[in-house]
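**Q** The structure that follows is given in the form of structure tokens.
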Amino acid sequence: MDLAQEIYIIVIASVFLLLVAVGIISLLLVYQKRQLRYQFEKQQLQNQYSEELLKTRIETQEYTLNTVSREIHDNIGQLLNSSKLLIGVAQRAPQPDTLQTAADTLALAIQELRSLSKSLNNEWLEQFSFTENLEAEVKRINASNKIRMTVEQVPLTMPKDRQLVLYRIVQEAFQNALKHGEPSHIHITLRMVNGHLHIDITDDGKGFDLQDPARQGFGITNIKLRTALLGGTVQWKAGHPGTVVLIQIPITG
Amino acid sequence: MKIYFSTYLEPVAFGLYFGALLYYARKVDRRRPIVWLCVYYGLATALMARVSIGFKSQEVNTHFYNMLYLLTGVFVGGYYFLLMQRPWKKVIAAGVSAGTALYYIMNSVVGHQPYFDSIGYTLVSLGIVILIFLHLLQLLQNITERLSMNFEFWFSCVLLFYHLGSFAIFLTYNYFTYKMLAADNANEIGIILTYLWIVHNVILFLGGLITAYGTAWISRRKFTSSS
């Protein structure tokens, strides 16, 4: 190899190594730019989640207050009225049975008040249970004797805030069916499949056109958004008759 | 013109690094690693200025150049020693500094190396490139701001640019020196070696320009965002 060739190789090698240096620096910059964008999106998602959680808490509290108001008026109020009437009867013609019935009615009213006060507790989120709230809601709807609602539950080990968001998703889904589908029966199934919680909400109502943009209201948008925030998916399918809502949520931790 | 590039460009380039770092230390960051770099570039500028002064009288300057790789290994190794967070990385940085000092003592002090020791430069560059990669890895794991706003990133990129760009020159310089000493066409090889050193000086100068631009850019951005 003559001298000129050797020099030529050294210059080529130097240029190559310089390009390697420039390439490494460019790669680092691109990598970091992507990393920052990912962190920004993650932060945005977290903010959105916090916002949605706050909204969900307010909605649930409002809903609870309405339920409490109705319960006081329809249930506890009636029990107290009955007690008053029974005591009045006992005052006019004292009878042990009448007084005992009045005492039992008052005891029932106190029990109802205790369970109501639980739902108004300040630490309600810490005590929130998806299972208990869903069962209470099913009981309340069944009490109307217009619609039959059944539920198959599984024990849930999700954090309380995620349980609350999930509860609002399921509540929104069957409220939609109640409002628009006129069903006689709603069935909710919860099951665990490979670390995912599957929730199927089936009704035998009129169903609705899944492609109709007029039916893509706030309720459905809320369900989609909240399910996505929990990292899950939601699907609507036409039932025979009615509608089936299929929700899948990953269970972490 | 050729003399300017082969001899006078070096102190100018080192002076550029020194000035940029001094400006950055005064305006933005006065922590130990920056001060440490200022000391290094100050000494390197003085050393290369001394070489340039002695050039006209044709004095032997290889011992100055050998001192320069000693300074580079010790100070840049020390700079990364101050920056590294994990103990094992600090050990590697200290190893580069100590290894350079040991190599210099063995070759230049005890061994009386009469020629420009490009092997010393090659080993120092290799050690520094390893430290740069370790540091960039650490930086990527911890950084929350934009990389381009970070001085350590800018400076590591400049060092990578210089040490990788000059690596092939350092690696082969000794080979050409010995070839020149043994050859009939020594003058011709000597000219080629001068050209190779010019390429090195240009890379060094470009590194200085990038450092000056980077420090000015970061300072301006930091002042704009804080005011």
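**Q** With charges set only on the Cβ (+1 for Lys and Arg, -1 for Asp and Glu), what does the dipole of the stretch A:22-147 come to about its Cα centre, in debye to the nearest 20? Walk me through the numbers before you get to the answer.
**A** Numbers: 14 positive and 15 negative charges, 86 e Å.
Charge dipole, the stretch A:22-147, about its Cα centre: 420 debye, nearest 20.
**Q** Rounded to the nearest 500, what is chain A's calculated 222 nm mean residue ellipticity when only DSSP H runs of at least 4 contribute -39500 (n - 2.57) each, over all residues?
**A** Numbers: 7 runs with 156 residues, N = 253.
So the helix-based figure for chain A works out to -21500 deg cm²/dmol.
**Q** From the backbone phi of the stretch B:64-71, what are the Karplus-calculated ³J(HN,Hα) couplings (6.51 cos²θ - 1.76 cosθ + 1.60, θ = phi - 60°) in whole Hz, Gly and Pro given as x?
**A** 5, 5, 5, 5, 5, 5, 4, 4
**Q** Roughly how large, in nm² to one decimal, is the mean projection of the convex hull of the alpha-carbon atoms in the stretch B:133-227?
**A** For the Cα atoms of the stretch B:133-227, the hull's average projected area reads 7.1 nm².
**Q** Using a simple charge model, +1 on the beta-carbon of Lys and Arg, -1 on the beta-carbon of Asp and Glu, nothing else, what dipole does chain B show about its Cα centre, in debye to the nearest 20?
**A** Here the size comes out at about 960 debye.
**Q** Follow-up question, since we're still on this one. Which far-off residues, 5 or more places away or on another chain, put their amide H under 5 Å from the one on A:Ile186, with H placed in the peptide plane?
**A** Amide H neighbours of A:Ile186, under 5 Å, 5+ apart: A:Arg148, A:Met149, A:Thr150.
**Q** Using +1 at the C-beta of Lys and Arg and -1 at the C-beta of Asp and Glu, which of B:Ile210, A:Leu27, B:Asn174 has the Cα lying farthest in the positive direction of the dipole of the protein assembly as shown?
**A** B:Ile210
**Q** Still on this structure: Ignore the peptide's own chain and count Cβ atoms of other chains within 10 Å of each Cβ in A:153-160; give me the average, rounded.
**A** Numbers: counts 0, 0, 0, 0, 0, 0, 0, 0.
Per-residue shielding by partner chains comes out at 0.
**Q** Still on this model: Using only alpha carbon positions, build the gyration tensor of chain B, then give the equivalent ellipsoid semi-axes as the square roots of 5 times its eigenvalues, largest first, whole angstrom. Intermediate results must be reported in sequence, preceding the final value.
**A** Numbers: eigenvalues 204, 82, 45 Å².
Three semi-axes, in Å: 32, 20, 15.
**Q** Among A:Val193, A:Val11, A:Val138, whose mean-square fluctuation peaks in a Gaussian network model of chain A (Cα, cutoff 10 Å)?
**A** Residue with maximal mean-square fluctuation among A:Val193, A:Val11, A:Val138: A:Val11.
**Q** Could I ask something else about it? Given N residues in chain A, what is its alpha carbon radius of gyration divided by 2.2 N^0.38 Å? Intermediate results must be reported in sequence, preceding the final value.
**A** On the way: Rg = 30.3 Å, N = 253, 2.2 N^0.38 = 18.0 Å.
The reported ratio for this selection is 1.68.
**Q** Considering all alpha-carbon pairs of the protein assembly as shown, what whole percent are spaced by more than 40 angstrom? Spell out each step's value before the answer.
**A** Values: 60856 of 114960 pairs.
Distances greater than 40 Å cover 53 percent of the Cα pairs.
**Q** Obtain the nm distance between the two label points defined at B:Arg86 and A:Asn145 by a simple spin-label model: each point lies 7 Å from its Cα along the Cα-to-C-beta direction.
**A** Taking the two extended label points, one gets 7.3 nm.
**Q** To continue, here is another question. Express the relative contact order of chain A as a whole percentage, based on alpha carbon pairs under 8 Å and six or more residues apart in sequence.
**A** Working: 267 pairs, mean separation 33.7, N = 253.
Over chain A, the number comes to 13 percent.
**Q** Can you give the mean number of other chain Cβ atoms that lie within 10 Å of the Cβ atoms in peptide B:125-137?
**A** Working: counts 0, 0, 0, 0, 2, 0, 0, 2, 1, 0, 0, 3, 1.
The mean count of partner-chain Cβ atoms within 10 Å per residue comes to 1.
**Q** Next question. Using the C-alpha gyration tensor of the stretch A:1-123, what are the square roots of 5 times its eigenvalues, in whole angstrom, with the largest one first? Numbers along the way, then the final one.
**A** Numbers: eigenvalues 1504, 25, 7 Å².
Sorted largest first and rounded, they come to 87, 11, 6 Å.
**Q** With the crude spin-label approximation of a point 7 Å out along Cα→Cβ, what separation in nm comes out for A:Leu45 versus A:Ala228?
**A** 1.1
**Q** Rounded to two decimals, what is the ratio between the C-alpha radius of gyration of the stretch A:95-199 and 2.2 N^0.38 Å? The partial results should precede the final answer.
**A** Numbers: Rg = 17.6 Å, N = 105, 2.2 N^0.38 = 12.9 Å.
My calculation over the Cα atoms of the stretch A:95-199 gives 1.37.
**Q** Using the charge dipole of the protein assembly as shown (Lys, Arg: +1 at Cβ; Asp, Glu: -1 at Cβ; taken about the Cα centre), state which of A:Ile58, A:Ser83, B:Phe64 has its Cα farthest towards the positive end.
**A** Working it through, the farthest residue towards the positive pole turns out to be B:Phe64.
**Q** While we're looking at this one, here's another question. Along each of the three principal axes of the Cα atoms of the stretch B:80-123, give the extent in whole Å, ordering the values from largest to smallest.
**A** Per principal axis, max minus min of the Cα coordinates gives 39, 17, 12 Å.
**Q** When ranked by the protection proxy of mean other Cβ atoms within 10 Å per residue, highest first, what sequence do the peptides B:191-199, A:45-53 form? Don't skip to the answer; put the middle values down first.
**A** Values: B:191-199: 17.6, A:45-53: 13.7.
Ranked by mean Cβ neighbours within 10 Å, highest first: B:191-199, A:45-53.
**Q** Peptide A:9-21: average number of partner chain Cβ atoms within 10 Å per residue?
**A** Values: counts 2, 10, 5, 1, 5, 12, 3, 3, 11, 10, 2, 4, 13.
Counting Cβ atoms of other protein chains within 10 Å of each residue's Cβ and averaging gives 6.
**Q** Rounded to a whole number, what is D in µm²/s for the stretch B:1-63 from Stokes-Einstein with the Kirkwood radius over alpha-carbon pairs (20 °C, 1.002 mPa s)? Mind dumping the intermediate values first?
**A** Values: Rh = 12.6 Å.
The estimated diffusion coefficient comes to 170 µm²/s.
**Q** Counting other Cβ atoms within 10 Å of each Cβ, which chymotrypsin sites (Phe, Trp or Tyr not before Pro) in the stretch B:1-110 have at most 13 and sit in a DSSP loop? If you can, show how the numbers build up before the last one.
**A** Values: sites: B:Tyr4, B:Phe5, B:Tyr8, B:Phe14, B:Tyr17, B:Phe18, B:Tyr23, B:Tyr24, B:Trp36, B:Tyr40, B:Tyr41, B:Phe55, B:Phe64, B:Tyr65, B:Tyr69, B:Phe75, B:Tyr79, B:Tyr80, B:Phe81, B:Trp88, B:Tyr103, B:Tyr104; in loops: none.
Within the stretch B:1-110, no chymotrypsin sites (Phe, Trp or Tyr not before Pro) qualify (loop, at most 13 other Cβ atoms within 10 Å).
**Q** Round to the nearest 0.05 the FRET efficiency obtained for B:Ala49 and B:Met149 when R0 = 45 Å and r is the Cβ-Cβ distance. Numbers along the way, then the final one.
**A** Values: r = 33 Å, r/R0 = 0.73.
Plugging the Cβ-Cβ distance into 1/(1 + (r/R0)^6) gives 0.85.
**Q** Also: Computed FRET efficiency, Cβ-Cβ of A:Tyr31 and A:Arg70, R0 51 Å: what is it to the nearest 0.05? Display every interim value, and only then the final one.
**A** Details: r = 58 Å, r/R0 = 1.13.
Here the calculated transfer efficiency is 0.30.
**Q** Based on Cα coordinates alone, diagonalise the gyration tensor for the stretch A:1-66, multiply each eigenvalue by 5, take square roots, and list the semi-axes in whole Å, largest first. The partial results should precede the final answer.
**A** Values: eigenvalues 792, 5, 3 Å².
Rounded to whole Å, the semi-axes are 63, 5, 4.
Throughout, read-outs are computed from the coordinates displayed, never taken from laboratory work. No experiment lies behind these values; they were computed from the predicted model shown. Here Cβ is always computed from backbone atoms with ideal geometry, including for glycine, and neighbour counts include all displayed protein chains.
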